[in-house]
1. When you scan the stretch B:101-127, how many residues do you find that are crowded, with 20+ Cβ neighbours inside 10 Å, within 11 Å of chain A (Cβ to nearest Cβ) and hydrophobic (A, V, I, L, M, F, W, C)?
2. If B:Pro184 satisfies every condition in (1) closer than 28 Å to A:Ser141 by Cα; (2) within 14 Å of chain A (Cβ to nearest Cβ) but one, which is the exception?
3. Please go through the stretch B:139-151 and give me each residue that is more than 7 Å from every other protein chain (Cβ to nearest Cβ) and touching a strand residue (DSSP E or B) at 6+ places or on another chain (Cβ under 7 Å), ordered by number.
4. Would you please list the contacts, defined by Cβ atoms under 9 Å and residues six or more apart or on different chains, that run from a residue in the stretch B:80-96 that is under 23 Å from A:Gln159 (Cα atoms) to a residue that is acidic (Asp, Glu) and part of a helix (DSSP H, G or I)?
5. For the stretch B:69-77, state whether one or more residues are of a type outside the set (Asp, Glu) and within 24 Å of A:Lys209 (Cα to Cα).
6. Collect the residues in the stretch B:197-214 that are among the charged types (D, E, K, R) and touching a residue at least 60 places away in the same chain (Cβ under 8 Å), keeping them in residue-number order.
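Read the figures in this text as sums done on the coordinates, not as results from a lab. Everything numeric here is computed off the predicted structure, so don't read it as measured data. Every residue, glycine among them, receives a Cβ derived from its backbone with ideal geometry; neighbour counts consider all protein chains shown.
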There are 2 protein chains.
Amino acid sequence: MAFMICKTLEACSLLPKENCMKILLIGASGTIGRAVHALLAPRHDIVTVGRSSGDLRADFTQPETLQKMFEAAGQVDAIVSTAGNLHFGPLSEMTAEQFNTGLQDKLLGQLGQRWLRDGGSITLTSGVAATEPIRHGANASTVNAALNGFVTGAAVELQRGLRINAVSPTLLTESAEAYGSVFPGFETVPAARVALAYQRSVEGAQTGKVFEVI
Amino acid sequence: MAFMICKTLEACSLLPKENCMKILLIGASGTIGRAVHALLAPRHDIVTVGRSSGDLRADFTQPETLQKMFEAAGQVDAIVSTAGNLHFGPLSEMTAEQFNTGLQDKLLGQLGQRWLRDGGSITLTSGVAATEPIRHGANASTVNAALNGFVTGAAVELQRGLRINAVSPTLLTESAEAYGSVFPGFETVPAARVALAYQRSVEGAQTGKVFEVI
């Protein structure tokens, strides 16, 4: 499979070993996923994962597909999830199932750790609604805050030098037209700038950190 | 029923109407619940709720018992939950069900709003682990952060002047002997001091606020 061989052997030979990682990029076809891919692919092997596209397929609402995806990918150096699934709707009409939408991302932290090589990292995606409420965003605030809390709590438990962080971006410049009315007056950030936070998490040394990009 | 009549008519007559509230106190038999009761009972009607004690019974893991409890209580001015149910255990062995322990508290925000009089309030309980991780506390960090996020997100959606806040205490002085080893070096706070934060939430004007007591 393409992702089993470092795509950039030439570049890698100029860099320390840890700069040529095998990275599982979940949500690779999204706006953030594409920006992360553009930033990291020149120096790393990226295995793209999506619900309906990518090297491998997985659906977060079906944990068994995550398990199969991990088995197919084998050992990796980093797991990056940019797949943010949230439910937007009035609080008073929200079902328990809708409320749990997005919380499945924490499964990556639980299932993923056994597929990481020593010193590997997990990077999840939360968002600005964790602390900045928006209309019909009770689920977004709850889930984003929960993921930040999960990263805080899980980081101290991981073994073998494994790390876990979250990236919490505000509204993307690329999404301003579609979602600007939900985030009135919010300054936007281009996905390329958000991608830098994933690089910090994957290639850096921090753990239990929420990288806010606002 | 005792709680249908203001227990403190004499005291109430000296105070503005809003100082004699009917307050649903869930988790009334716990350390925090007893302190909140001691602080608020002299000036308000308190309806105590517990899993196995209190004026009314409810079990958070069975949403239908919450519904019945609300029906039995009727309209109230404030809902206070000091019932913090968390799962402690190694992250790698935690099941999805264990992970969702404690998240049921948000149901109070959803179900409870229709039982509140105009201007009424909901006060939930999170905890210091939301931002300060502890061993085997991935669930505690996730759930506490989620409840803080829920309060942030739900506050902007409530109608009729309804308010929602959370109180986030650190380790109680009363719990130091039992749980001190889980929170090494944490300064403790007496439950009586924590109770003040519930008073601020119930009698004050703020909404979407996490009152940290550390």
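1. Looking only at that region, the number is 1.
2. Unmet condition: (1).
3. At the first step, the residues of the stretch B:139-151 found to be more than 7 Å from every other protein chain (Cβ to nearest Cβ) are B:139, B:143, B:147, B:151.
Hits for the stretch B:139-151 are B:Leu147, B:Val151.
4. B:His87/B:Glu97
5. Start the filter on the stretch B:69-77 by keeping residues that are of a type outside the set (Asp, Glu), which leaves B:69-70, B:72-76.
Next, only the ones that are within 24 Å of A:Lys209 (Cα to Cα) stay: none.
Taking every residue of the stretch B:69-77 in turn, none turns out to be of a type outside the set (Asp, Glu) and within 24 Å of A:Lys209 (Cα to Cα).
6. Step one: list which residues in the stretch B:197-214 are among the charged types (D, E, K, R), which gives B:200, B:203, B:209, B:212.
Correct list: B:Glu203, B:Glu212.
Table: residues versus (1) within 13 Å of chain B (Cβ to nearest Cβ); (2) buried (at least 24 other Cβ atoms within 10 Å of the Cβ).
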residue	(1), (2)
A:Gly137	yes, yes
A:Gly153	yes, yes
A:Arg163	no, no
A:Ala178	no, no
A:Thr188	no, no
A:Ala197	no, yes
A:Arg200	no, no
A:Thr207	yes, no
